[in-house]
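This report concerns only the one structure given below.
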Amino acid sequence: MSRIEVTHLDRKGTPNWGALTGRLLGLILGLAPLLVFMSVFFFWPLWNVLWTSFQDNYGKFSFENYGEVFQEPYLTAFKNSIGLGLISAVTSSIPGAILAYLIESRGGERLRRLVASVSSVLANTGGVPLAFMFIAAFGMEGSATLFLKLLGINIYSGDFTLFSFAGIVFVYTYFQIPMMVIVFSPAIHGIRNEWQEAARSLGASRLQFWKNIGLPLIFPSFIAAFLLLFASAFSAFATARAMSSGTIALVPLMIGNLVDGNVLAEQMNLGKALAMGMVIVSALAMIPYLVIQRRAARWQK
Amino acid sequence: MRRLRLGSIPLYIAVAISGIYVLLPLLSAGEFSLRQPATHNYGLEHYNWFIENPDFVHYLWLSLGLALGAAAILLVLLVPTAIWLNLGGSNVRGLVEFLTLLPLVIPVVALAIGAQTSLPEFAQTNEFVLSFMYAILAMPYAYRTLDTGLKAVPLKTITEAARGLGAGWLRTIVLVVTPVVRSTVLSALFMTLALSLGEFTLTSLLHWDTFTTWVTTMSQSNILGAIALSVFSLVGVFVLLMLIGLFVKPASNQVSLEEE
């Protein structure tokens, strides 16, 4: 990549102005608009969150807001949100991984394509309509509830309700399992038959192959997918808002309440500190996810 | 022959379970939305209710307009950049990839709370600011779609060939580049539309009303109507996203974020 610098100079060492202006023009047209756009609508708002989170109500520098974050009810909200992210990642990643494995290893080309396109549709179904769909299906009088009752399964025999922690996890699986299938399938697809054959011919059993080659290869991808699911459930807002109507303390919902002004004026920058907390938790999951995905992609091709 | 293999049984079971799991909520919600509690019959009462509601058309058009705005902004911004990078024009590819992925790392709620207080006055009083914000949110997906699609065609070779055969830049762009990138650009467009149409978090936190927030407001007075609306919009978005499948080649038919 760095050899490009050399091409700006011709043999005598004078700059090749044509190539240089061409490159500059490219940078200006190709990169500058993106940078300007992101600065105004992305970096500037985030910078604003960062600095006002360190201000008290009179605009003075203070750690007060961050002190609040570790007080109740916000501490519980963080615990709940992280718990929701983890539980929902566990409940979606395992079935998703099994499904991806079965489809990639045993499914035909047609089935693989069908699953890929259905998954990419479902993975993008979030938000309010999803919540209402589940309320219609699995609510007390929901059609699916009644249908399952006919089959002898009463989902309301225990203390399950859709408007609880378990209910939210249940709804999230609807887009998280497909998300897992999308992200994890390339890892399984990447394990080549030749490797299995090579291991076989060197005398490895099926079990040995998976233990020593297969699993170590797909494990990082599994972790990456898990982190993605965690981050998506941790920061999801719309579905949780529509379902819980504020009965469960989750950080995004609390920030929503603060923004809506249902609070005392002295807490105006508290929401910013909570948002920074979310950014940190989310970055801790998403950055390793992106790094692992990048590295894993090298052999998945 | 493969149908008879015992090894495939777990696959069939898994596919059957998944199929039921995907379809059951959808069909149940569809059934629920056709119920008419007053007469214990099925009918289109709740669908008629929202179709006759003037707000429905108003908010649907508004959401469509905002989504189209977001798609236009994003395509104007990203298509030239993606083409430029795929022509081998620069060594900033890594930087662009990093930048376009960033919105994925930041929770939408955090961006919303920042946008609420930091955007300039004119942006805060004009709902088209949402188009710009939607463009930010859809950027990781749209850029990936564009980049993956463009990588699959030998863009550099064919433009050089066109130039070598005497075509000017304009001719090359219109007759060679455009047809090649069309399907990729269309799938990025649909992706952005689908994401923007369903956006709720940012919209509600910035106190604007669009189709999705209107559905939520309506649910408080008419839950059955809101369910009918949800079924309508889910089916609409499904159709939109399925269209992507028609334009994208199977290998890149996914929103995954891995490097090629």
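The values are calculated or read from the model by the stated rules, or taken from the named source; none is laboratory data. Note that the coordinates shown come from a computational prediction; the quantities given were computed from them, not determined experimentally. Neighbour counts run over all protein chains shown; Cβ positions are idealised from the backbone, glycine included.
Look at (1) part of a helix (DSSP H, G or I); (2) out of contact with any Leu (no Cβ under 9 Å at 6 or more places or on another chain) and you find that A:L130 fails only one, number (2).
Answer yes or no: is there a residue in the stretch A:169-177 that is under 23 Å from the mean Cα position of the chain (by Cα), farther than 27 Å from A:G108 by Cβ and surrounded by fewer than 24 Cβ atoms within 10 Å (Cβ to Cβ).
Start the filter on the stretch A:169-177 by keeping residues that are under 23 Å from the mean Cα position of the chain (by Cα), which leaves A:169-177.
Now drop any that are not farther than 27 Å from A:G108 by Cβ, which leaves A:169-172.
If we keep only those that are surrounded by fewer than 24 Cβ atoms within 10 Å (Cβ to Cβ) too, we end up with A:169-170.
Yes.
All of (1) crowded, with 20+ Cβ neighbours inside 10 Å; (2) under 19 Å from B:I83 (Cα atoms); (3) of a type in the set (V, I, T); (4) at pLDDT 80 or above hold for B:V176 with one exception: (1).
Listed here are the residues, each with its yes/no results for (1) at the interface with chain A (Cβ under 8 Å from one of its Cβ atoms); (2) crowded, with 16+ Cβ neighbours inside 10 Å.
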| residue | (1), (2) |
| --- | --- |
| B:L24 | yes, yes |
| B:A38 | no, no |
| B:Y42 | no, no |
| B:W49 | no, yes |
| B:Y59 | no, yes |
| B:A72 | no, no |
| B:T81 | yes, yes |
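Under the condition of being part of a helix (DSSP H, G or I), at the interface with another protein chain (Cβ under 8 Å from one of its Cβ atoms) and closer than 25 Å to B:Q124 by Cβ, the residues counted in the stretch B:182-212 number 5.
Hand me the list of helices (runs of 4 or more DSSP H) wholly inside the stretch A:133-212 holding 1 or more residues that are over 29 Å from B:T212 (Cα atoms) and in contact with a Gly (Cβ under 7 Å, 6 or more places away or on another chain). Can you show your working first?
Numbers: elements: A:143-150, A:165-190, A:193-201, A:206-209.
Result: A:165-190.
Listed here are the residues, each with its yes/no results for (1) touching a Phe, Trp or Tyr at 6+ places or on another chain (Cβ under 9 Å); (2) surrounded by fewer than 20 Cβ atoms within 10 Å (Cβ to Cβ); (3) in a helix (DSSP H, G or I).
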{"residue": "B:A112", "(1), (2), (3)": "yes, no, yes"}
{"residue": "B:N126", "(1), (2), (3)": "no, yes, no"}
{"residue": "B:M133", "(1), (2), (3)": "yes, no, yes"}
{"residue": "B:L137", "(1), (2), (3)": "no, no, yes"}
{"residue": "B:Y141", "(1), (2), (3)": "no, no, yes"}
{"residue": "B:R144", "(1), (2), (3)": "no, no, yes"}
{"residue": "B:T148", "(1), (2), (3)": "no, no, yes"}
{"residue": "B:K156", "(1), (2), (3)": "no, yes, yes"}
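Report yes if some residue within the stretch A:248-265 is of a type in the set (V, I, T) and at pLDDT 90 or above; otherwise report no. Within the stretch A:248-265 (the criterion being of a type in the set (V, I, T) and at pLDDT 90 or above), the answer is no, since none of the residues qualifies. A:P73 fulfils the conditions (1) closer than 30 Å to A:V169 by Cβ; (2) surrounded by 11 or more Cβ atoms within 10 Å (Cβ to Cβ); (3) in contact with a helix residue (DSSP H, G or I) (Cβ under 9 Å, 6 or more places away or on another chain); (4) modelled with pLDDT under 90 except for a single criterion, (2).
Do we find a residue being out of contact with any strand residue (DSSP E or B) (no Cβ under 8 Å at 6 or more places or on another chain), farther than 20 Å from B:E31 by Cβ and in contact (Cβ under 8 Å) with a residue 40 or more places away in the chain anywhere in the stretch A:206-217? Break it down stepwise before answering.
Step one: list which residues in the stretch A:206-217 are out of contact with any strand residue (DSSP E or B) (no Cβ under 8 Å at 6 or more places or on another chain), which gives A:206-217.
Next, only the ones that are farther than 20 Å from B:E31 by Cβ stay: A:206-217.
Within this subset, residues satisfying the condition of being in contact (Cβ under 8 Å) with a residue 40 or more places away in the chain are A:217.
The answer is yes; a qualifying residue exists.
When the criteria are applied in full, A:A136 meets the requirement of being free of Cβ contacts under 8 Å to residues at least 40 places away in the same chain, in contact with a Pro (Cβ under 9 Å, 6 or more places away or on another chain) and among the aliphatic types (A, V, I, L, M). Note on the stretch A:93-122: among residues that are more than 18 Å from A:I191 (Cβ to Cβ) and among the charged types (D, E, K, R), the one that is surrounded by the most Cβ atoms within 10 Å (Cβ to Cβ) is A:R113. Here is a check on your reading of the model: is A:M180 closer than 22 Å to A:Y289 by Cβ, surrounded by 15 or more Cβ atoms within 10 Å (Cβ to Cβ), at pLDDT 85 or above and not β-branched (V, I, T)? Yes.
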